[in-house]
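See structure below.
The values are calculated or read from the model by the stated rules, or taken from the named source; none is laboratory data. Note that the structure is predicted; figures quoted are calculated from it, not measured. When we count neighbours, we look across all protein chains shown, and the Cβ atoms used for this are built from the backbone with ideal geometry, even at glycine.
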Amino acid sequence: MTFRPKYITFDCYGTLTKFRMGEMAREMFADRIPADRMDQFVADFSAYRFDEVLGDWQPYEVVLKNAIRRLCRKWQLQYLDAEAQQYYDAVPTWTPHADVPAGLAKVAKEIPLVVLSNAADSQIQHNVALLGAPFHRVYTAQMAQAYKPRLKAFEFMLDSLGCGPEDVLHVSSSLRYDLMSADDIGIVNKVFVNRGHGPGCADYRYTEIADIGGLAGVVGL
C-alpha cells in the first residue's frame, strides 16, 4: 500500500536548489589552493559549516563566516570578510535543479508541500519562488532557532504544522543534515534524493530516487 502523507517536507539547498558553496570555493580559492588539494579544501569547508550549526542558533551569515574563518586558519590563508560575504549574498540567487519544477508540479496539486531549511528568513523566499510549485509552509532555522541536524528544528516544523512524525514524508539529498535526524525523531517515511552529496545508508529506512521526478511514484501519483 502506498503511503499518502499529510505533508511532504523538503530540505531546500542541495535537494531542490543547487547548492553552490563548494563550487564557489573552488573558483574563489583557485589561485591559492593547488588543484591536487582542492577536493580536501572543499571537504574541510563542508565540515566546518556542519560543525557551526550543531550548537546554539546563530545567524546564517555568522555560520558561514565562522566556517570560512576556521577554514582559512587551517589552511594558513588570510581571512577576508568581503570574500566571505560573497557566499552569503549568493545564496538567494541560486536556482533549482533542472528536474525540480516538473517533479514538484506532479505532487503539489495533491499533497501540501513544506520546506524546512537551514536558511535565514531573508534568503529562503527568493529560492522558493524559483521552485515552480506552491508551498504550504516555509520554515527556516531562524524561525526554529535551531539548525538541522538538531532535532529541535524538526520539532519546530512538526509543532507548527500540528502533526506528528507519522504524518509526513521527508525528502532530502543529505543523510547527515536531514534523514538521520528525521529517523531519530520518528519520521519513518523518508526519501533520499541521491545527488551525490554523500553516501547512503539503507539502515535509515528511506526510499531512494535519482531526482525529484521520482517523487510522484513514491506517493502513488
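Would you mind stating whether I68 is among the β-branched types (V, I, T), free of Cβ contacts under 8 Å to residues at least 60 places away in the same chain, surrounded by 19 or more Cβ atoms within 10 Å (Cβ to Cβ) and in contact with a Phe, Trp or Tyr (Cβ under 9 Å, 6 or more places away or on another chain)?
Here the answer is yes, as I68 does meet what is asked.
Can you list residue pairs whose Cβ atoms sit under 8 Å apart, with the first residue in the range 134-157 being under 19 Å from Y7 (Cβ atoms) and the second being surrounded by 21 or more Cβ atoms within 10 Å (Cβ to Cβ) and charged (D, E, K, R)? Count only pairs 6 or more apart in sequence or on different chains.
Close Cβ pairs satisfying both conditions: A141/K148; K148/D11; K148/D178; F154/K148.
Taking the range 150-186, which residues are farther than 16 Å from V114 by Cα and not in a helix (DSSP H, G or I)?
Within the range 150-186, R150, S174, I185, G186 meet the criteria.
I'd like the full set of residues that are surrounded by 13 or more Cβ atoms within 10 Å (Cβ to Cβ) and not in a strand (DSSP E or B), limited to the range 202-216.
Once the filter is applied, which keeps residues that are surrounded by 13 or more Cβ atoms within 10 Å (Cβ to Cβ) and not in a strand (DSSP E or B), the range 202-216 yields Y204, R205, Y206, D211, I212, G213, G214, L215, A216.
Which of the residues belonging to the range 97-123 are within 23 Å of F156 (Cα to Cα), at pLDDT 95 or above and in a helix (DSSP H, G or I)?
Within the range 97-123, A108, D121 qualify.
Right, V42: among the β-branched types (V, I, T), crowded, with 16+ Cβ neighbours inside 10 Å and in a helix (DSSP H, G or I) or not? Walk me through it before giving the result.
Values: among the β-branched types (V, I, T): yes; crowded, with 16+ Cβ neighbours inside 10 Å: yes; in a helix (DSSP H, G or I): yes.
Taking the combined requirement at face value, the residue satisfies it.
Could you tell me whether any residue of the range 179-189 is surrounded by fewer than 16 Cβ atoms within 10 Å (Cβ to Cβ), among the polar types (S, T, N, Q) and in contact with a helix residue (DSSP H, G or I) (Cβ under 8 Å, 6 or more places away or on another chain)?
Checked against the condition, which is being surrounded by fewer than 16 Cβ atoms within 10 Å (Cβ to Cβ), among the polar types (S, T, N, Q) and in contact with a helix residue (DSSP H, G or I) (Cβ under 8 Å, 6 or more places away or on another chain), the range 179-189 yields no hits at all.
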